[in-house]
Amino acid sequence: MINRKQKFIKYLFALTIILLITDISIDRLNKKERIPIVTKLSVKQIESVFFKVLNDYGIKNKWISSKKVKPAEDDSTVAQYFIKIPSDIPVPFILRDINNIIEKDITGFVSEEKKIYGLTEIRIYTNEILKLRATLLPDKNIIRTNNELSFIISNALDLSESNFNTFLSVPYPLACVVVPGKNIISKVDSLKNYRKEYALLLDDEISDSEMKLKQEFHKELLRGSIKNIISSFKDARVYFVDEKSAVYNSTIYNFVRDDFKQHGITLYPKSELIELSAKEDPELFSKFKFYCNDTTGIHQKLFISTFENYRKILPELVRLKKKGHKIISLSKTYLVQKTK
């Protein structure tokens, strides 16, 4: 009986050892399966990413030079690049974008940045092989020639509460159109708390009796309306007049224009604004890109758009800003500068 028990105990012990060895073997196999496969990006692929990022920031080919180097190993870099960087581009942003793109495609990627007398040297390795070497040289003498963009929202005051709050929270400089009226003075005054501006529009929609500009009014009544408009909207950055309105096409317009002028205010035709509207989204994007990429004329572009269309072009606006286009407030546009 004792021998049987001893044999049974030995059997259990042996079985335990076998199960333990099996468990360890399975665990090791699983660990091997979890080891990531290192993808090898070629020199050309890494250089392609590098030059794409430079292009995203508006770096021109004439600012890039190179020097041949002897490759240390197969598929290692054959050139060292020297890139002049405009002083308004933060070098860490370039490095961040390169890392973000490459790290998605490769495991075992290593980058090094060294600051030497204000210069930044980049070295990118995969599997300990040098794939790219570049030196970034900030240069105050080179400037990205781009446009300054400003935006006025035509329907901001007609938006729902949630959309109006979204308008107020937009991080870029933004303005809205205001047709004079006592009922909106308090709402307009709150705009400055959110760093938003507004432009006044004189058209046929003015309903407030103390601010109307009608042809049948005598001069003193017109002067009173003009005075009420100016005093009620002291923070207005620009005054526009709709060329299709009755006041613009009436005999009193010259008097109205001159009286505003006496108060130091110039009335600009609404047609000077670039209207961002289209039947289809592709047409809207194409129109926006055309004006933004046009650097042959005035570099300050003032757009007017519904808030819906503005939100559609926001991703493109982010891309243009990275490329060097500036988004400026209404008070900094060429229209305002003309009044000084």
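Worth pointing out:
- One residue stands out in region 52-98 among those that are in a helix (DSSP H, G or I) and touching a Lys or Arg at 6+ places or on another chain (Cβ under 7 Å): the one that is surrounded by the fewest Cβ atoms within 10 Å (Cβ to Cβ), namely Asp56.
- Check on Ser169, assigned by TED's automatic domain parsing to the domain that holds Tyr198, over 30 Å from Ala79 (Cβ atoms) and free of Cβ contacts under 8 Å to residues at least 12 places away in the same chain: no
- Annotation note: Cβ proximity below 8 Å between a residue of region 213-225 that is closer than 19 Å to Phe240 by Cβ and a residue that is surrounded by 13 or more Cβ atoms within 10 Å (Cβ to Cβ) and among the basic types (Lys, Arg) (sequence gap 6+ or interchain) occurs for Ser225/Lys212.
- Every residue from region 175-200 that is out of contact with any Leu (no Cβ under 9 Å at 6 or more places or on another chain) and outside any loop (DSSP other than H, G, I, E, B): Lys182, Asn183, Ile185, Ser186, Asp189, Lys192, Leu200
- Some residue of region 60-70 being in contact (Cβ under 8 Å) with a residue 12 or more places away in the chain, farther than 21 Å from Ile129 by Cβ and of a type in the set (A, V, I, L, M): yes
- Tyr172 passes every criterion in (1) under 24 Å from the mean Cα position of the chain (by Cα); (2) surrounded by 13 or more Cβ atoms within 10 Å (Cβ to Cβ); (3) part of a helix (DSSP H, G or I) apart from (3).
- Test: residue in region 275-293 that is surrounded by 14 or more Cβ atoms within 10 Å (Cβ to Cβ), within 22 Å of Ile226 (Cβ to Cβ) and either in contact (Cβ under 8 Å) with a residue 24 or more places away in the chain or more than 18 Å from the chain's Cα centre (by Cα) (or both): no
- Counted residues, region 120-163 - those being part of a loop (DSSP other than H, G, I, E, B), of a type in the set (Asp, Glu) and under 18 Å from Tyr198 (Cα atoms): 0
The values are calculated or read from the model by the stated rules, or taken from the named source; none is laboratory data. In this text, all values refer to a predicted model and were calculated from it rather than measured experimentally. Cβ atoms come from the backbone with ideal geometry, glycine included; neighbour counts cover every protein chain shown.
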